[in-house]
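I am attaching a structure below and will ask some questions about it afterwards.
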Amino acid sequence: MSASVVRAPVKYVVFRLGGAVRLALPQMAVREGLDMASVVVAPMPGAAAMFQGIANVRGNFLWVLDLARLLRQLEPDLPLPVTPHREGLVVQGGQKSVVVTIQGRDGFLPLAPRDIRPLPHLRHKHLFPGMVRWEGQPVALLDPTALFQVLRQSSVR
């Protein structure tokens, strides 16, 4: 006789990138939220356009990633307007961390696997394991491991 395993919901941080585009990252991958007005970002000549520069966050020098710019590059059909990014999330993937600029945080969302639906029409589906509806709006789930893989591949070119 096999016992069914019930997995506890995973908590996600829901955030906006611009317009109606909402994404979510697993809370375990988000170390902290930042007010970008209080963060000094030093431009890095020669860095890929998706990077705004580097910032000293609590003694750690981290790349500052314009996630909207990266996603516009990877998914040109995604409706991402250019908007000011007032906040940031320190996202960790393995031993690496990066500051991801966002328009704003919307809250926390606990999700069970049964809540997640496939995300249609994207070229880079490995970045987005699925989507959910929250407050009547679609929210794409972003895989932090896949994000760091894309960043690694982009920096090799």
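The values are calculated or read from the model by the stated rules, or taken from the named source; none is laboratory data. Model, not experiment: these values are computed from the prediction. When we count neighbours, we look across all protein chains shown, and the Cβ atoms used for this are built from the backbone with ideal geometry, even at glycine. Quick note on the areas: whole protein, heavy atoms, side chains included, nothing else; ligands and nucleic acids left out. Shrake-Rupley method; radii C 1.70, N 1.55, O 1.52, S 1.80 Å.
Would you mind classifying region 69-157 by shape? Square roots of the alpha carbon gyration tensor eigenvalues, ordered a ≥ b ≥ c; an a/c under 1.5 is rounded, otherwise it is prolate if a/b is larger than b/c and oblate if not.
rounded
Still on this structure: Note down the relative contact order for region 1-99 as a percent, whole number, built from C-alpha pairs under 8 angstrom at least six residues apart.
Numbers: 142 pairs, mean separation 28.1, N = 99.
For region 1-99, the relative contact order is 28 percent.
Which value at 222 nm does the chain reach when only helices count, each DSSP H run of 4 or more adding -39,500 (n - 2.57), with the total divided by all residues and rounded to the nearest 500 deg cm²/dmol?
Details: 2 runs with 21 residues, N = 157.
Taking each H run of at least 4 residues, the total per residue is -4000 deg cm²/dmol.
If I ignore ligands, DNA and RNA and count only protein heavy atoms, how much of Thr145 is accessible to a 1.4 Å probe, in Å² to the nearest 10?
Approximately 80 Å² for this residue.
Also: Taking the Cα centre of region 20-144 as origin, sum charge times position over the Cβ atoms of Lys and Arg (+1) and Asp and Glu (-1), and report the length of that vector in debye to the nearest 20.
It comes to approximately 200 debye.
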